[in-house]
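Student: Take a look at this one; I'll ask things after.
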Amino acid sequence: MENCAATRAFLLEHCRRYPVLRLRDVFKALHQSTFGCGHLIDDPSAAAEYIRREADGCAECGGPLTEALDGDYCRVHLACLRHGVRAETLSHFLVLSAKAPTGGEAQLEQRLAVLLEMAAGGELPFTAEQVRQEAAVWRAAGFSPLHHSQAFHKAYAPAYRVVRKEYGARLLP
């Protein structure tokens, strides 16, 4: 992998920022880091309205409004709508991000190899065996996108969209 050091730093920071996260939450972040938002948006105005409705019910994120992932993407917390960002703008950047080329399974496998190495070295709150077993199940499912764990939802109430970092920086420099 081109930048194992970046993946290592990302994993350490992600586990530090979210101490109750589960392995599936790490897998989700690595999937988003590799594939971004992963799908095209058919109707940007409907996406903007959905973002607006979800943002109405979300709490302040309690940290930065953008959160870098490991790669070309970041999470933009929907609380940004309370800080001057328009739902239409976020929706537009979501559409542009969905059209951009993404990494592939080989890149995701490289990130998983770093995760396994760190777990084996005791650097993360997961065992190497956990990572091996759960990654094997996820791999067999074709690395389908995952939802956050119930523990993550309960502790952090995530409400964000994944966009390319260059767009996240334009939203909230």
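The values are calculated or read from the model by the stated rules, or taken from the named source; none is laboratory data. If you're wondering where the values come from, they're calculated on a predicted model, not measured in any experiment. Because the Cβ atoms are built from the backbone with ideal geometry, glycine has one as well, and the counts that use them run over all protein chains shown.
Student: Could you run through segment 51-64 and say how many residues are part of a helix (DSSP H, G or I) and surrounded by fewer than 14 Cβ atoms within 10 Å (Cβ to Cβ)?
Tutor: 2
Student: In segment 68-80, is there at least one residue being in a loop (DSSP other than H, G, I, E, B) and closer than 23 Å to Ala151 by Cβ?
Tutor: Yes, segment 68-80 contains at least one residue that is in a loop (DSSP other than H, G, I, E, B) and closer than 23 Å to Ala151 by Cβ.
Student: To continue, here is another question. Which one is farthest from Leu124 (Cα to Cα), of the residues in segment 23-54 that are hydroxyl-bearing (Ser, Thr, Tyr) and modelled with pLDDT of 85 or more?
Tutor: Ranking the qualifying residues of segment 23-54, first place goes to Tyr50.
Student: Any idea which residue in segment 118-161 is modelled with the highest pLDDT, counting only those that are within 16 Å of the chain's Cα centre (by Cα) and hydroxyl-bearing (Ser, Thr, Tyr)?
Tutor: Ser149
Student: Sticking with this structure for a sec: Which one is nearest to the chain's Cα centre (by Cα), of the residues in segment 9-46 that are surrounded by 14 or more Cβ atoms within 10 Å (Cβ to Cβ), of a type in the set (A, V, I, L, M, F, W, C) and not in a helix (DSSP H, G or I)?
Tutor: Cys37
Student: When segment 138-173 is examined, which residues are found to be farther than 20 Å from Thr34 by Cα, touching a Cys at 6+ places or on another chain (Cβ under 7 Å) and not in a helix (DSSP H, G or I)? It would help to see each step written out before you state the result.
Tutor: Of segment 138-173, the ones farther than 20 Å from Thr34 by Cα are 150-157, 170-173.
After this cut, where a residue has to be touching a Cys at 6+ places or on another chain (Cβ under 7 Å) as well, the list is 157, 171-172.
Across segment 138-173, the qualifying residues are Ala157, Leu172.
Student: Quick one: in segment 116-157, of everything that is free of Cβ contacts under 8 Å to residues at least 60 places away in the same chain and touching a Lys or Arg at 6+ places or on another chain (Cβ under 9 Å), which residue is nearest to Thr102 (Cα to Cα)?
Tutor: The qualifying residue nearest to Thr102 (Cα to Cα) is Leu116.
Student: Of all residues in segment 97-119, which are part of a helix (DSSP H, G or I), aliphatic (A, V, I, L, M) and surrounded by fewer than 15 Cβ atoms within 10 Å (Cβ to Cβ)?
Tutor: Once the filter is applied, which keeps residues that are part of a helix (DSSP H, G or I), aliphatic (A, V, I, L, M) and surrounded by fewer than 15 Cβ atoms within 10 Å (Cβ to Cβ), segment 97-119 yields only Ala106.
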